[in-house]
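Structure first, then comments.
The values are calculated or read from the model by the stated rules, or taken from the named source; none is laboratory data. Since the model is a prediction, treat every value here as computed from it, not as a measurement. Counting neighbours? That spans all protein chains shown, and the Cβs are built from the backbone with ideal geometry, glycine included.
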C-alpha cells in the first residue's frame, strides 16, 4: 500500500541468488483469491527452475484493452467489407455499444489483455446486473466477448478459452413498469421543482413525446421546426437507422420555445462536456424521484408509460408504433397488447358493474313474508 492509499499485490522470491519481484495486479481490480492463485503459480515456476518474471518481460509489448476498444470503434479489427468502417456506420445500435464501452469496459482500458480473468469478467457481469439490470449486463458481456473473439482472430488475444466463456447470462424478464396516474402527477410536480430549466424541459418532453432518452439529449436546433403550421422534429438517424419526423404538439412547442438558447449552442440541451450536450440524466432523475417519493422508475419506463397510456386511450397499434418510432409494428404488439394492472382493474370493474346490474333486486321485507 502506498502513502496515497493505492493497493497492489506483489510476488517476491529469490531465483538463482537474485531477488525477483513482480506485480500480480492492482486492488480492487485484482481480487485476493486471484492474486493468491497467481502467487501459487509463480512458486510452481520456481520449483521447476523457471524465472517467474520471464513471461512478464515478454508481456511488456502486449496490447492493452484500450487497443481493442479503439479497433472496435474504428473498424480496424475487422476484415473485408467491415474493415475501417466506424462503429456508428457499422451498427444501427452503435449508441448502445458506445454507452456500454464508456460505462463498463473503458475502466479496464489500461489492462493487458492477458490479465483479464474469468472471475473478474463474471464479477463485472454480476455487478452490472445488480446496478443496471440483467438486459444491460447480458449485452455488455456479449459485447466484451465479441471484442475478445475479434481480437483473437487478429492475434491480439492469446488462443484458447476467453475470460467471458462459461459465464451464465442473467434471466431476462420483460419489464412492464409504467406510471399510474398518481405517480405521474407526483413526478410532474417534482419535475416542476427541478432548479435546472433544461432538465425540467427534458423530462417533461420525454413523457410528452415518448422518445428514447439519447435521441432527445442529442437533439439539435437545426432539426426542429417551431415556426411552421406543422411543427416537427426531424431526427436524422434513429435506432432503426432511418430519418424520422416527430410531430410536436403545441405543449411541446411552448416548452421548446422557452428554451431559446442564449449561449448559441447548437444543442437543445447544451452541456459542458466534450459532446456539447447534456449526457447523463441519472442524478437529476434520482432527485426527481426522491422528491416525488416514487420508487423503481427508470427513464425507459416513461417511454413505456406513453405507449400504454396511448393504447388505453384507444390509439391503434400503428399509431403507437409511429409515436414511439418502432421499426416494426410487431415490436409494438409484443409490448403493448397485454393488459397491465390498471387495464385489468378497469376491465374487472366494468365486469362487476355489468354483473351487479344483472342481479335481481333484493326482495323487500313484505315480499319475504
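At least 3 residues being modelled with pLDDT under 90, surrounded by 19 or more Cβ atoms within 10 Å (Cβ to Cβ) and assigned by TED's automatic domain parsing to the domain that holds residue 229 is the threshold, and among the helices (runs of 4 or more DSSP H) wholly inside the range 241-322 those reaching it are 299-312. Against the conditions (1) part of a helix (DSSP H, G or I); (2) surrounded by fewer than 19 Cβ atoms within 10 Å (Cβ to Cβ); (3) touching a residue at least 24 places away in the same chain (Cβ under 8 Å), where does residue 92 fall short? Just the number, please. For residue 92, the failing item is (1). From the list 186, 201, the one residue that fits, being in a helix (DSSP H, G or I), surrounded by fewer than 20 Cβ atoms within 10 Å (Cβ to Cβ) and touching a helix residue (DSSP H, G or I) at 6+ places or on another chain (Cβ under 7 Å), is 186. The listed residues are 126, 164, 140, and the only one of them that is closer than 18 Å to residue 104 by Cα and part of a loop (DSSP other than H, G, I, E, B) turns out to be 164.
How many residues does the range 8-35 contain that are surrounded by 11 or more Cβ atoms within 10 Å (Cβ to Cβ) and part of a helix (DSSP H, G or I)?
2
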